[in-house]
Amino acid sequence: MRGLMMGRFQPFHLGHLELVKQILNECDEIIIALTGSQFNYIEKDPFTSGERIEMIHQTLKENNIDLDRCYIIAVENQFNVATWASYLKSSLPHFDKVYSGNDYVIMLLGDFGYEVVSPKFLDRTQYNATKIRQMIGNDKEWEKLVPSAVSKFIKNINGVKRIKTILKTDTKPQEF
């Protein structure tokens, strides 16, 4: 059985890592799908899809998670939400269950016949990527909320400076 976990992972944090472990306890394999892969260098999505894939891959390795059981795949957001489920089906390897706590995702994929499981989350107020990005940009203690591989990666790519620059700029690129 293969489970699907989706998210922007901007950045990948300890809550995400705990969900990976939970899914691998229940399934043989996991697909970690990075959504919004076309967005980067903006407030909501400061990291590229390639950077996010590396963050996740390095975290899985650091935590001795069997990479043979994991797929990490980037997918773009779609203009037509009604065709999103068929887009996922054509873009990803087969999956049996979707793990999501997002009511909108639960509704959309449930309407298309997918089994959607609401996972047990760590404290979502603390493990929240929006909050973590704000903490990074404001020199707050963010490193304790992300795996050490993610902290190292963000520092190595000068991601702290990137987020600070993005947060203070008045240039706001448009998303769809």
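Descriptive notes on the structure:
- Local electrostatic count, Asp96, Cβ distance below 15 Å [Lys/Arg +1, Asp/Glu -1]: 0
- The stretch 2-168, dipole about Cα centre (Lys/Arg Cβ +1, Asp/Glu Cβ -1), debye to the nearest 20: 720
- Distance between the modelled labels on Ile157 and His94, one decimal in nanometres: 3.3 nm (7 Å Cα→Cβ projection).
- Cβ-derived FRET efficiency at R0 22 Å, Tyr41 paired with Phe79, nearest 0.05: 0.55
- For the pair Tyr71 and Glu18, a Förster radius of 22 Å applied to the C-beta separation gives a FRET efficiency near 0.70, rounded to the nearest 0.05.
- Cα-projected label distance for Leu122 with Asn63, points at 7 Å along beta-carbon direction, nm: 0.7
- Packing around the peptides 104-111, 77-84, taken as the average count of other Cβ atoms within 10 Å per residue, puts them in this order, highest first: 104-111, 77-84.
- Candidate cross-link partners of Lys89 among the aspartates and glutamates, defined by an alpha-carbon separation under 20 Å and a same-chain spacing of 8 or more, comprise Asp28, Glu29, Glu76, Asp103, Asp111, Glu115.
- In the distance distribution for the stretch 42-84, Cα-Cα pairs more than 16 Å apart total 52 percent.
- The ellipsoid that matches the Cα gyration tensor of the chain has semi-axes, each √(5λ) in whole angstrom, of 26, 20, 14, with the longest given first.
- Dipole axis of the chain (+1 Lys, Arg; -1 Asp, Glu on Cβ), positive-most option in Tyr104, Asn64, Leu145: Leu145
- Summed side-chain charge close to Met55 - residues other than Met55 whose Cβ falls under 14 Å, Lys, Arg +1, Asp, Glu -1: +2
- Kirkwood hydrodynamic radius (C-alpha pairs) into Stokes-Einstein, the stretch 91-153, 4 °C and 1.567 mPa s, D in µm²/s: 91
- Greater than 25 Å apart at Cα, pairs in Lys44/Lys144; Lys61/Lys152; Lys61/Lys140; Lys44/Lys152; Lys140/Lys168; Lys120/Lys164: Lys61/Lys140; Lys120/Lys164
Laboratory data are not the source of any read-out in this text; all were calculated from the coordinates shown. All values derive from a computational prediction rather than experimental measurement. Neighbour counts run over all protein chains shown; Cβ positions are idealised from the backbone, glycine included.
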